[in-house]
Amino acid sequence: MQFGRYYEEFEVGAVYRHWPGKTVTEYDDHLFCLLTMNHHPLHMDAHYAETASQFKRNVVVGNYIYSLLLGMSVPDVSGKAIANLEVESLRHVAPTFHGDTIYGETTVLDKRESSSKPDRGVVAVETRGYNQDGTLVCVFRRRVMVPKREYAASAVPEGVDPERPSFPEPR
């Protein structure tokens, strides 16, 4: 299984559908909120959400959905990345609720060779997240610096497969 891509493998206009999807549970949402110290009652308090919000139920915190989609995209987009350079834009288009399943896909928008280092390039992508009904819930654009294939071949010792690192022998 491929994990990430070299610069040469990206084609402008290519669409990568990320698999598998993820069903968001109340536990996932609450844990993420607690880990990031976001204690807003819209995410944590069912009574508050039912009585004081337009949705009448808890809304999953948006940064969790963004993080989930970013993680889903790693095997297809940034698994070989040298650096994630920027998130250009991030929009939460529709709410996500406990029990929704999130699916993602990424489109390659642009690519350019590095002007300072010939062994790498920068790829611009847009990732979109949809719920189980096909409703767009989140979209973001980012730029990733990735190695060229020639660099990867010269940077790894002969006989070592960078896709399958060796592990120490058990003692």
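Couple of notes before you dig in:
- In the stretch 105-125, the residues that are closer than 20 Å to residue 139 by Cβ form Cβ pairs under 8 Å with partners that are outside any strand (DSSP E or B) and open to solvent by 30 Å² or more (accessible area, probe 1.4 Å), at six or more places apart or across chains, as follows: 106/76; 107/13; 108/11; 108/12; 108/13; 109/12; 110/12; 111/12.
- Considering the stretch 83-96, and only residues there that are without any contact (Cβ under 8 Å) to a residue 60 or more places away in the chain and outside any loop (DSSP other than H, G, I, E, B), the residue that is least open to solvent (accessible area, probe 1.4 Å) turns out to be 89.
- Verdict on residue 8 being touching a residue at least 60 places away in the same chain (Cβ under 8 Å), assigned to a helix (DSSP H, G or I) and open to solvent by 70 Å² or more (accessible area, probe 1.4 Å): yes
- Qualifying residue in the stretch 52-70 (condition: of a type in the set (Gly, Ala, Ser) and within 11 Å of the chain's Cα centre (by Cα)): yes
- So residue 78, is it small (Gly, Ala, Ser), under 17 Å from residue 19 (Cα atoms) and touching a Gly at 6+ places or on another chain (Cβ under 9 Å): yes
- Given (1) on the phi < 0 side of the Ramachandran plot; (2) touching a residue at least 60 places away in the same chain (Cβ under 8 Å), number of the condition residue 99 does not satisfy: (1)
- Inside the stretch 97-126, residues that are open to solvent by 30 Å² or more (accessible area, probe 1.4 Å), more than 30 Å from residue 53 (Cβ to Cβ) and in a strand (DSSP E or B) make up a count of 6.
The values are calculated or read from the model by the stated rules, or taken from the named source; none is laboratory data. What you see is a predicted model; the values in this text were computed from it and never measured. In this analysis, Cβ positions are derived from the backbone assuming ideal geometry, glycine residues included, and neighbour counts consider all displayed protein chains. Surface accessibility is based on the protein's heavy atoms, side chains included, excluding ligands, DNA and RNA. Shrake-Rupley method; radii C 1.70, N 1.55, O 1.52, S 1.80 Å.
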